[in-house]
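The structure appears right after this line, and notes come after that.
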Amino acid sequence: MRIGHIALSCKAGELDEVAEYYKKLGFVIYKTTVLGGLKGHFMEHEKDRSCKLDIRENQSENFSPVHHFCLLVDDARWAYDDLKEKGVEFGDVGPPTLMPSGRTHFTLKGPHGLGIQFGEEMRMEDYVGDYVESVMKKNK
């Protein structure tokens, strides 16, 4: 298991400004998505592609600049079952799901509400671009 990415939040309309800051630190955008009408950038460091950020617009009243961190696992279903056996509380979190981003994952709420995502490597061939486009059209 290793850290896959750190997910940061920004207020709606501030995404490009925040991304520009991280570009100055050596990060580049490798994918942009829209989920639920909110835009996000996946960024990686130009010298170490394993150093990744997921920056998303957020309209939550309980805004926090750090949304979650992702732990990469080989098999999200196995990790889910293993944690369940160990007595981890899941609340309303369901089993791992293939998301439009191309990552199969589930996210728990850790201490102080911090999201802890357990996800498999993101696979570009699983990216569901048509789904994202349909969500964008529906939310206009």
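The values are calculated or read from the model by the stated rules, or taken from the named source; none is laboratory data. Source: prediction; values computed, not measured. Don't worry about glycine lacking a Cβ; one is built from the backbone with ideal geometry, like all the others, and counts go over all protein chains shown.
Filtering 15, 35 for residues that are in contact with a Lys or Arg (Cβ under 6 Å, 6 or more places away or on another chain) and of a type in the set (A, V, I, L, M, F, W, C) leaves a single hit, 15. Answer yes or no as to whether residue 81 is modelled with pLDDT of 90 or more, assigned to a loop (DSSP other than H, G, I, E, B) and over 13 Å from the mean Cα position of the chain (by Cα). The answer is no for residue 81. Taking residues in segment 91-104 that are without any contact (Cβ under 8 Å) to a residue 60 or more places away in the chain and farther than 21 Å from residue 52 by Cα, and partners anywhere that are of a type in the set (A, V, I, L, M) and surrounded by fewer than 19 Cβ atoms within 10 Å (Cβ to Cβ), the pairs with Cβ atoms closer than 9 Å and at least 6 places apart or on different chains are 91/108; 93/108.
If you check 61, 57 for being charged (D, E, K, R) and over 13 Å from the mean Cα position of the chain (by Cα), only one passes: 61. Here the condition is being at pLDDT 90 or above, farther than 19 Å from residue 118 by Cα and not in a strand (DSSP E or B); of 39, 23, it holds for 23 alone.
Of all residues in segment 52-78, how many are within 22 Å of residue 10 (Cα to Cα) and assigned to a strand (DSSP E or B)? Don't jump to the end; show me each part of the working.
Of the residues in segment 52-78, the ones within 22 Å of residue 10 (Cα to Cα) are 52-71.
Restricting the remaining residues to those that are assigned to a strand (DSSP E or B) gives 52-58, 66-71.
Residues flagged as within 22 Å of residue 10 (Cα to Cα) and assigned to a strand (DSSP E or B) within segment 52-78 amount to 13.
Tell me, please, whether a residue that is among the small types (Gly, Ala, Ser) and outside any loop (DSSP other than H, G, I, E, B) can be found in segment 88-111. Reasoning before the result, please.
Restricting attention to segment 88-111, the residues satisfying the condition of being among the small types (Gly, Ala, Ser) are 91, 94, 101-102, 110.
Adding the requirement that they be outside any loop (DSSP other than H, G, I, E, B) leaves none.
For segment 88-111, residues among the small types (Gly, Ala, Ser) and outside any loop (DSSP other than H, G, I, E, B): absent.
Can you work out which of the residues in segment 108-134 that are under 15 Å from residue 30 (Cβ atoms) and among the aliphatic types (A, V, I, L, M) is modelled with the highest pLDDT? Applying the filter and picking the extreme gives 122.
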